[in-house]
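Notes follow once the structure below has been shown.
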Amino acid sequence: MRAVRALMVAAMTFTAALAHSGNFPYTYLGLGVGQYTPDEEIVFLGERYQEFAYGALEGSYQFSTGPVLGLSFAALSNSGPNTEITQSSALYYLAFPVALTRSLDLVPRIGLAYVEFERCYQSLCAKEDDSGIGYGADVRFWAVPGTLEVNTGWSDTTLEDSEPAVSFGTGLYLAERHRLGFVFTQFDRDTLSALQYSYHWR
């Protein structure tokens, strides 16, 4: 119930800005691949992990009045001779793009977040999961209108042990509907670097 109330408050807060649908396309399907690097190596049953492969699938739909409904699925994973560590997450969110200028969008967002952490030794696995509220905001700017985007963002969740994340990225639009991007995200001292591809409907 608390999560539902938070979403309703967010919707009411930005109602006055919904007429501004933003300068960027917000209806899309995309994927990302990259690498997550913790500040300190993780030791699990004698096996050491210094980096994790990252993969993500995401998409969103923008209503004609402005708000955006989106979802994102992501996973981190690595395995050793006898062990494996995997973390998967899902985020369902509402975003509210606001065109501050003809080239600059502010995009507040809030949603429901779920994460599952799994550690395995051979065929024996243990899982932990948690859920809560995810929230944040992005700033998107046309460095070259219709072609090159630069962006930055901040996000956090109410999940236990959550750390705020700051991201910096770029996006190159090809033939209007195709976007190739790169994003670098800092979690305290951990980092995530990823390449992105998305197909957009304007």
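Couple of notes before you dig in:
- Just so you know, in region 173-198 the residues that are of a type in the set (Asp, Glu) and part of a loop (DSSP other than H, G, I, E, B) include one that is least open to solvent (accessible area, probe 1.4 Å), and it is Asp188.
- Taken over region 34-51, the criterion of being touching a strand residue (DSSP E or B) at 6+ places or on another chain (Cβ under 6 Å) and either at pLDDT 95 or above or over 16 Å from Cys120 (Cβ atoms) (or both) is satisfied by Gly34, Gln35, Tyr36, Thr37, Pro38, Asp39, Glu41, Glu51.
- Out of Gly66, Gly22, sole residue that is at pLDDT below 90, closer than 30 Å to Leu104 by Cβ and touching a His at 6+ places or on another chain (Cβ under 9 Å): Gly66
- Hits in region 142-157 (condition: within 18 Å of the chain's Cα centre (by Cα), within 15 Å of Ser103 (Cβ to Cβ) and open to solvent by 40 Å² or more (accessible area, probe 1.4 Å)): Val150, Thr152
- Taken over region 40-74, residues that are open to solvent by 40 Å² or more (accessible area, probe 1.4 Å) and assigned to a strand (DSSP E or B) amount to 11.
- Yes/no for Arg102 being among the charged types (D, E, K, R) and within 20 Å of Gly30 (Cβ to Cβ): no
- Of the residues contained in region 89-96, one or more are found to be hydrophobic (A, V, I, L, M, F, W, C), free of Cβ contacts under 8 Å to residues at least 40 places away in the same chain, open to solvent by less than 50 Å² (accessible area, probe 1.4 Å) and part of a strand (DSSP E or B).
The rows are residues; the columns are (1) assigned to a strand (DSSP E or B); (2) touching a residue at least 24 places away in the same chain (Cβ under 8 Å); (3) surrounded by 13 or more Cβ atoms within 10 Å (Cβ to Cβ); (4) not hydrophobic (A, V, I, L, M, F, W, C).
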| position | (1), (2), (3), (4) |
| --- | --- |
| Pro108 | yes, yes, yes, yes |
| Val115 | yes, yes, yes, no |
| Asp129 | yes, no, no, yes |
| Gly132 | yes, yes, yes, yes |
| Leu159 | no, yes, yes, no |
| Val166 | yes, no, yes, no |
| Gly171 | yes, yes, yes, yes |
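- Any chance Thr83 is modelled with pLDDT under 95 and either closer than 25 Å to Arg179 by Cα or surrounded by fewer than 16 Cβ atoms within 10 Å (Cβ to Cβ) (or both): no
- Residues of region 144-155 that turn out to be farther than 16 Å from Val183 by Cα and part of a strand (DSSP E or B), as a count: 1
- Only residues that are of a type in the set (Gly, Ala, Ser) and assigned to a loop (DSSP other than H, G, I, E, B) were counted across region 97-106, and they come to 1.
- Checking each residue in region 117-127 for being hydrophobic (A, V, I, L, M, F, W, C) and open to solvent by 50 Å² or more (accessible area, probe 1.4 Å) picks out Phe117, Leu124, Cys125, Ala126.
- Flag for Val98 being of a type in the set (A, V, I, L, M) and farther than 20 Å from Thr191 by Cβ: yes
The values are calculated or read from the model by the stated rules, or taken from the named source; none is laboratory data. Quick caveat, the model's predicted, so the values are computed rather than measured. Cβ coordinates were reconstructed from backbone atoms using ideal geometry, including for glycine residues, and neighbour counts include every protein chain displayed. Accessible surface areas use protein heavy atoms only, side chains included; no ligands, DNA or RNA. Shrake-Rupley method; radii C 1.70, N 1.55, O 1.52, S 1.80 Å.
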